[in-house]
Amino acid sequence: MLIGGENAIVGKNRLEDRLMGLFGGLLGNASQKDIEKTERQLEDILTSTENVELAFSLIRDLIVFTDKRLILVDKQGMTGKKTSYKSFPYRSISRFSVETAGHFDLDAELKIWVSSAQEPAEVLQFTSDRSVIAIQKALAEAVLR
């Protein structure tokens, strides 16, 4: 999943309070989205006791932090009608790494491993170091609770 541009943020509850200042500074022109809109968009995916705490809108895709798991929403194809939903309960995320962009490699990466897997379960590519650092911070906050 390639993620680019300046990102929009959705926030709620304690996680928002701790992170909104950080994200506002890191993401610059990010605009806050309505939390209920994100929850309505994911109502078929979320459990009845699950709440969205923070979400990043990334062109057509979403990275969603709930109080229980990380959800990656990948809109596919020309129209974005086909959608992939990947769910990672925080307890199953064993580690993650961030690689910032270099002089010749312009993409930054966030890799997520689950349980005892040798290879990352997900590799997200970003066109902005600021985006990957902000999302890494949110992931650290969620996993280390």
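Quick note: the coordinates plus some simple rules give every number you see, no bench work behind them. This structure is a prediction, so every number in the text was calculated from the model and none was measured. Backbone-built Cβ (ideal geometry, glycine too); neighbour counts: all protein chains shown.
Among Ile135, Ile35, which comes first, then next, by fewest other beta-carbon atoms within 10 Å?
Ile35, Ile135
Mind putting a number on the dipole of region 56-145 about its Cα centre? Charges go on the C-beta only, +1 for Lys and Arg and -1 for Asp and Glu, and I need it in Debye to the nearest 20.
480
Determine the sum of side-chain charges near Pro89: Lys and Arg each +1, Asp and Glu each -1, restricted to other residues whose C-beta is under 13 angstrom from that of Pro89.
Charge balance near Pro89 sits at +3.
Among Ile63, Ile45, what is the fewest-to-most ranking by other Cβ atoms within 10 Å?
Fewest-to-most Cβ neighbours within 10 Å comes out as Ile45, Ile63.
Between their Cα atoms, which of Lys37/Lys137; Lys111/Lys137; Lys37/Lys75; Lys86/Lys111 are more than 19 Å away from each other?
Lys37/Lys137
In which sequence would Arg145, Arg60 go, from the one with the fewest C-beta neighbours within 10 Å to the one with the most?
Taking fewest neighbouring Cβ atoms as first place, the list is Arg145, Arg60.
Work through the residues other than Asp74 whose Cβ is under 15 Å from its Cβ and net out their charges, Lys, Arg +1 and Asp, Glu -1.
Once positives and negatives cancel, what remains is +3.
Which order do the peptides 73-84, 116-127 take when ranked by the mean count of other beta-carbon atoms within 10 Å per residue, highest first?
Sorting 73-84, 116-127 by mean packing, highest first, produces 116-127, 73-84.
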